[in-house]
Structure formats: C-alpha cells, structure tokens
Amino acid sequence: NDLDEVISLHREALFLRPAPHSARSQSLSNLANALRTCFEQRGTSNDLDEAITLYQEALDLRPASHPKYSNLLKALAVALQSRFEQSHLPQDLDEVILLYRRLL
C-alpha cells in the first residue's frame, strides 16, 4: 500500500537525521503526519499513539519562535483530540485545551 511505503520512507529519512540534525524536527513531524493519516484511514490506535509521541519530540526540538511551531502545536492538539474521542482519557482533553490556548 502507498501509505505503508510513505511511512517506511519517512522512517528512513528520520534514521538519516539523528539528533542534533537541524532537519530532525521536520522528519519527526512528517512521519507523525503519515501515521496520523494511517490512523484516520485504518483506525489503528498504535499509529495515533506513535504520532503523538513524534509530534511531542518534534516540538521539543523546535524553538517557539520557529515559523512552523504553531503548525506542530495544532497537529499535536488534533491528534490528542482524536485519541480523546476514542479513549475518553481526561488528560488528553486537558492537553488539547492547553495546546489551543498556547495557539492564541
């Protein structure tokens, strides 16, 4: 499947950009986006969990002043909201609210 190939290629790209590579944050984000798409199409919660972890890692590497920082915040919030809608874990909803407040 094309999506599996995309995920595989993003994993390879991430492997080629170990910390402290300047593009590692972007590779983390790209892989997270692909995994979130996989979750949306297949409903596999492990893909969503991994995407959330990768978004968090990408945010840790990117300064708040970066032009795409807010995009990462929003992507993480959307992923957490999706997980909340499935699992109803209150800590996910709390984190979503905090992230959206940071975007204001």
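Run the dipole for the stretch 1-74 about the Cα centre, Lys and Arg Cβ at +1, Asp and Glu Cβ at -1, nothing else charged, and hand back the magnitude in debye, nearest 20. Mind showing how you got there, number by number?
Values: 8 positive and 10 negative charges, 79 e Å.
So the magnitude is around 380 debye.
Only helical DSSP H runs with n ≥ 4 go in: add -39500 (n - 2.57) per run for the chain, normalise by residue count and round the 222 nm mean residue ellipticity to 500 deg cm²/dmol.
Details: 5 runs with 83 residues, N = 104.
So the calculated ellipticity at 222 nm is -26500 deg cm²/dmol.
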Which of I7, P90, L73 sits closest to the plus end of the dipole of the chain, meaning its Cα is farthest towards the positive end, when Lys and Arg get +1 and Asp and Glu get -1 on the C-beta?
L73
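Of the accessible area of the chain, with the probe set at 1.4 angstrom, what percent is carbon plus sulfur? Kindly include the intermediate steps, with their values, before the conclusion.
On the way: 3270 of 6250 Å².
After summing per-atom areas, the C and S share lands at 52 percent.
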Once a ≥ b ≥ c are taken as the square roots of the eigenvalues of the Cα gyration tensor of the chain, is the result rounded (a/c under 1.5), prolate (a/b larger than b/c) or oblate (a/b not larger than b/c)?
oblate
If you take every residue apart from A58 with its C-beta less than 11 Å away from the C-beta of A58, what net charge results, scoring Lys and Arg +1 and Asp and Glu -1?
+1
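Measuring with a 1.4 Å probe in the full set of protein chains, what accessible area per residue, in whole Å², belongs to the chain? All intermediate terms of the calculation are to be shown ahead of the outcome.
Values: 6250 Å² over 104 residues.
Counting only protein heavy atoms, the per-residue value for the chain is 60 Å².
The values are calculated or read from the model by the stated rules, or taken from the named source; none is laboratory data. Since this is a predicted model, take the numbers as computed values, not measurements. Cβ: placed from backbone, ideal geometry, glycine included. Neighbour counts: every protein chain shown. Ligands, DNA and RNA are stripped out before the accessible areas are found, and what is left, the full protein with its side chains, is counted by its heavy atoms. Shrake-Rupley method; radii C 1.70, N 1.55, O 1.52, S 1.80 Å.
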